[in-house]
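Nothing in this text is a laboratory measurement; each read-out follows from the coordinates by a stated rule. Only a predicted model underlies this, so the values are computations on that prediction, with no experimental measurement involved. All Cβ positions, glycine included, derive from the backbone under ideal geometry; neighbour counts span all protein chains shown.
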Amino acid sequence: MNLLKEQKKLKSFFSEVRNLTEAIVEPLSAEDMQVQTMADVSPTKWHLAHTTWFFETFLLKEYLPDYKEFNSHYNYLFNSYYNAVGNRHLREERGCLSRPCLEEVMNYRSYVDEAMQSLIDQQNVEIDSLIIIGLNHEQQHQELILTDIKHVLGTNPLRPAYSKGLKQVASEESTPLNWNYYPGGIFHMGHNYNSVINDFTFDNESPRHQVYVIPFQLASRLVSNQEYQEFIDDGAYQNPEWWLSDAWNWICRESITAPLYWFKEDGLWSRYGLGGLERLQANQPVSHVSFYEADAYARWAGARLAAETEWEFAASQSKIEGNFLEDGYLEPNTNNSLFGNLWQWTASPYIAYPGYKADPGALGEYNGKFMVNQMVLRGGSCLSSKSHLRSSYRNFFYPTARWQASGIRLAKDGY
């Protein structure tokens, strides 16, 4: 591909990603974008500024001659966790930032976007690679904007909808849960890092390495709301038999009795979604469960969670299909794809692959330093960008995290 064509492709990608972010926040008021309901949730306004700060800090300041930063205080306000860049505002206090106002943040985005056009015109391979990292980073934050605002609105006693015009997928009849057998064997896992637009991967997906997978079985679909309700009705949240020790301490300490966004009134369950509060649909996949809940359910059901090696082995043989952020489907449905419905907890801790080395400099902090005390999720969700749905993609959260669109796919040994 010639340089001019590649440049046009990158400019188009840049505009698509930046415009989609602003389209995602369009239904929200300035007041909506200010709220922070817990430390894991960042205000929408902060996401808009942080994703812009990323381009300013790692690209414009470094590579665009005579670039004048928009506001010298923003490096402190909108740095997320890059210690090499300098000090930063406390994560749990991002909701206290009433200033800069939303209008100024949007002006910041426009200012940086204009400067970025000049940088793209340089046709520099190193710069282009960093731009693509920045765009994939923003796509991750598009998903976070939606999960964070869902927590903000779902915590509101009025349970307001993010948008009432969402495409909804009608609940289908119950689909039997079948077990797909995989023979295992020698498997090359992971992806070779390659920063081009259509083959981007994050560094934690590499290096590609050889593993041995013993035979296993994977459920043909995700666990449904009805099946999880049976787990609840069996008294599972009151029975330590199914829970890891730390998990049992957590549900007792936090008084957890059901998945996040489940509400019971007059003996009936409802669930809050981005379209508002609605009666729980039995055949939709259960979502917003923690690793601890997923693990406990699997034990109760006489199964287990898949290792990430098993999940990737199965996914490498599957088509990427489902519902995605770009299609406007912002709720899980009953499709059986391994991809693009709900993130699926695995039994694997988030650790480095053999031979992994973090990139030098501040961007080396992107993934590697989080490889402790977290669990891997696979598959993406209906809130993920379609381009992120690949068999090697690794997400990771603490085992108590529930505000992300996470569900359960069961596994069994294959013998």
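Summary table
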{"read-out": "Under-5 Å amide H pairs with A306, H placed in peptide plane, nonlocal only", "value": "A347, A411"}
{"read-out": "Pairwise FRET efficiency - R253 versus R304, Cβ, R0 = 30 Å, nearest 0.05", "value": "0.75"}
{"read-out": "Mean Cβ count within 10 Å, highest first, over the residues of peptides 213-220, 149-156, 339-346, 261-268", "value": "339-346, 149-156, 213-220, 261-268"}
{"read-out": "Dipole in debye (nearest 20) - the chain, about Cα centre, beta carbon charges: Lys, Arg +1; Asp, Glu -1", "value": "320"}
{"read-out": "Listed residue (A161, Q210, N367) projecting farthest to the positive dipole end of the chain, Cβ model", "value": "Q210"}
{"read-out": "20 Å cut-off, amide nitrogen to a point 7 angstrom out along E326 Cα→Cβ, residues in segment 4-31", "value": "5-26"}
{"read-out": "Degrees separating the helix 125-155 axis from the principal Cα axis of the chain, which is the longest one", "value": "50"}
{"read-out": "Segment 214-297 shape via C-alpha gyration tensor axes, a/c threshold 1.5", "value": "oblate"}
{"read-out": "Calculated P(r) of segment 179-413 - Cα pairs past 26 Å, %", "value": "38"}
{"read-out": "Leading residue at positive end of dipole, the chain (Cβ point charges), from N283, M33, L77", "value": "N283"}
{"read-out": "Anisotropy class of segment 267-321 from Cα gyration tensor, a/c 1.5 cut", "value": "oblate"}
{"read-out": "A39-R99 FRET efficiency (beta carbon distance; Förster radius 22 Å; 0.05 resolution)", "value": "0.55"}
{"read-out": "Segment 63-155: relative contact order as a whole-number percent, Cα under 8 Å and 6+ apart", "value": "22"}
{"read-out": "Cα gyration tensor category, rounded, prolate or oblate, for segment 3-155 with a/c compared to 1.5", "value": "prolate"}
{"read-out": "Cα-derived Rg over Rh, computed across the chain with Rh taken as Kirkwood radius", "value": "0.96"}
{"read-out": "Residues whose placed amide H lies under 5 Å from that of F397, excluding near-sequence neighbours", "value": "M375, L377"}
{"read-out": "Degrees separating the helix 291-300 axis from the principal Cα axis of the chain, which is the longest one", "value": "20"}
{"read-out": "Subset of K5/K45; K8/K386; K61/K369; K9/K45; K11/K164; K164/K264 violating a 26 Å alpha-carbon distance limit", "value": "K5/K45; K9/K45; K11/K164"}
{"read-out": "Relative contact order [Cα under 8 Å, 6+ residues apart], segment 192-272, whole percent", "value": "14"}
{"read-out": "Added length on full extension, which subtracts the Cα-Cα distance from 0.36 nm per residue, H73 to K9", "value": "19.7 nm"}
{"read-out": "Protection proxy ranking, peptides 173-182, 104-113, 329-338, 380-389, average beta carbon neighbours within 10 Å, highest first", "value": "380-389, 329-338, 104-113, 173-182"}
{"read-out": "Net length gained if the chain between S29 and L90 were fully extended (0.36 nm per residue, minus Cα distance)", "value": "19.6 nm"}
{"read-out": "Estimated FRET transfer efficiency (D199, E22; beta-carbon r; R0 35 Å; 0.05)", "value": "0.85"}
{"read-out": "Cα-based helix-to-principal-axis angle, 44-55 vs the chain, degrees rounded to 10", "value": "50"}
{"read-out": "Relative contact order, percent, the chain [alpha-carbon distance under 8 Å, six or more residues apart]", "value": "18"}
{"read-out": "3J(HN,Hα) from dihedral phi, segment 355-367, Karplus parametrisation 6.51/-1.76/1.60, rounded to Hz, x for glycine, proline", "value": "x, 5, 9, 5, 4, x, x, 4, 5, x, 7, 4, 10"}
